[in-house]
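Contents: one structure, followed by commentary.
The values are calculated or read from the model by the stated rules, or taken from the named source; none is laboratory data. Just so you know, these numbers come straight off a predicted model, no measurement behind them. Methodologically, a virtual Cβ is constructed for each residue, glycine included, from the backbone with ideal geometry; neighbour enumeration extends over all protein chains shown.
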Amino acid sequence: MAQKLGNRAHMAVIVLCSICAIMLFAACQGVSSSGGTINVSGKILAVNPGAHSVTLQGAIDGKQQTITISDLTDQQIADLQGHINSNYSFQVSQNNDTYTIVSTSTPVTQSETTPVATATSSTNTVSVPGSISFIGKVQSATTTSLVVSMPDGNTLTMSITAGTDSHDVDGQLAPGMQLKVKAETNPDGSFMASTLRTVHYSSSSHSDDLSIIDFTGNTTSAVGADNLLHFQVGNQNFTALIDHDTDFRHLHNAQSIDNNQPISVEVFFNGGNGTAQEIDARDDN
């Protein structure tokens, strides 16, 4: 009798395990590779006009990842080109790892917060004249626009005009090409490539140059107890940490930096974290 009860219990355990396995398999099958229509939000890393796509860094199912959304219209591409590093929300259809914007939807801008000691790009309606200079790799290029990666991990989109000095560039601009870029602000706060130079030296022998961005712009606040320098170039905001090695040039110290003060600042980036190596006051009068 005891042996029969034991056999029945053993059989019940086997049946229960089988049911659990079937349920687990069904649940896994229920996670379709085609997720239907979903909302995706994140920071725009690059815009590719030729492919009508935008590359976004955001969270999907709670995990940070980089995705490319395709099938954007010409107007949507034009609107987004001036908002690299801004946060947007997209309604997309998902098929495996492919994301396509829903034809009836429109990308929606979202407010951003400023990470500590990290270059940010919250967009303002008021533009501050200035420039951004750095060495980076071309992400995408057309005859009228250029997207280049920056040492802070972000990208900068700029227009190419008849006034762009690119005589030193070897051949046509192409993804992967390393350039020394100087981008100046347009009246609307966007950026225009004023100078493009081919990088002739080995990156390994000048690794520090690849981690530096030179900015000219205006401060947006006085430096507080957090020792963060807040400044604006064009319609984008940036921050950089001030430490004991920062050279203030013609300024006395961090506390002598006023709000809305024209400055030039050299920022060294270690990953996404920026430290001001040199800060100088500019006389724009």
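Of the residues screened, N259 is one that is more than 21 Å from G153 (Cα to Cα) and assigned by TED's automatic domain parsing to the domain that holds L146.
So which residues in the stretch 70-110 are of a type in the set (D, E) and within 20 Å of the chain's Cα centre (by Cα), if there are any at all? Outline the logic, then answer.
Pass one, the stretch 70-110, residues of a type in the set (D, E): 71, 74, 79, 97.
Once the filter is applied, which keeps residues that are of a type in the set (D, E) and within 20 Å of the chain's Cα centre (by Cα), the stretch 70-110 yields only D79.
Scan the stretch 117-143 and report the pairs whose first residue is at pLDDT below 90 and whose second residue is of a type in the set (D, E), with Cβ atoms within less than 6 Å and a gap of 6+ or a chain change. Here the result reads A119/D152; S122/E112, each pair linking the stretch 117-143 to a residue that is of a type in the set (D, E). Applying the set (1) on the phi > 0 side of the Ramachandran plot; (2) in a strand (DSSP E or B); (3) modelled with pLDDT under 90 to G171 leaves exactly one unmet item: (2).
Specify the residue that is nearest to D74 (Cα to Cα); the eligible residues are those in the stretch 38-62 that are among the hydroxyl-bearing types (S, T, Y) and at pLDDT 80 or above. Lay out the reasoning, then the answer.
Keep residues of the stretch 38-62 that are among the hydroxyl-bearing types (S, T, Y), which gives 41, 53, 55.
Now restrict to residues that are at pLDDT 80 or above: 53, 55.
Working: S53: 10, T55: 16 Å.
Restricting to residues being among the hydroxyl-bearing types (S, T, Y) and at pLDDT 80 or above, the top hit is S53.
Would you confirm, using the coordinates I've provided, whether T246 is modelled with pLDDT of 90 or more and within 28 Å of D188 (Cα to Cα)? Give the steps one after another, and end with the answer.
Values: modelled with pLDDT of 90 or more: yes; within 28 Å of D188 (Cα to Cα): no.
For T246, the condition - modelled with pLDDT of 90 or more and within 28 Å of D188 (Cα to Cα) - is not met.
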